[in-house]
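The values are calculated or read from the model by the stated rules, or taken from the named source; none is laboratory data. Being a predicted model, the structure only gives us computed values, none of them experimental. Virtual Cβ from ideal backbone geometry, glycine too; neighbours counted across all protein chains shown.
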Amino acid sequence: MATTKRTTKPTPQPSAEPGDCKPCGGTGNVPTTVRVGRKRRPVGQQDGLCLNCFGSGTDPNA
């Protein structure tokens, strides 16, 4: 009789605290694409204010 192979479920690691804002991860900043030229081609990214929490870093629905 073959033995049963048992696997363990990986424990999920929380990326942010429960009261942190999801889009910005509690930092208050989100990356914003910078576009230039007539064709509006992307050239890079810069930090922008998180519009979900308005830069506070806390979840407004909590």
What residue, among those in the stretch 27-62 that are within 14 Å of the chain's Cα centre (by Cα) and assigned to a strand (DSSP E or B), is modelled with the lowest pLDDT? Thr58
Condition broken by Pro31, with the remaining ones in (1) surrounded by 12 or more Cβ atoms within 10 Å (Cβ to Cβ); (2) in contact with an Asp or Glu (Cβ under 8 Å, 6 or more places away or on another chain) satisfied: (1)
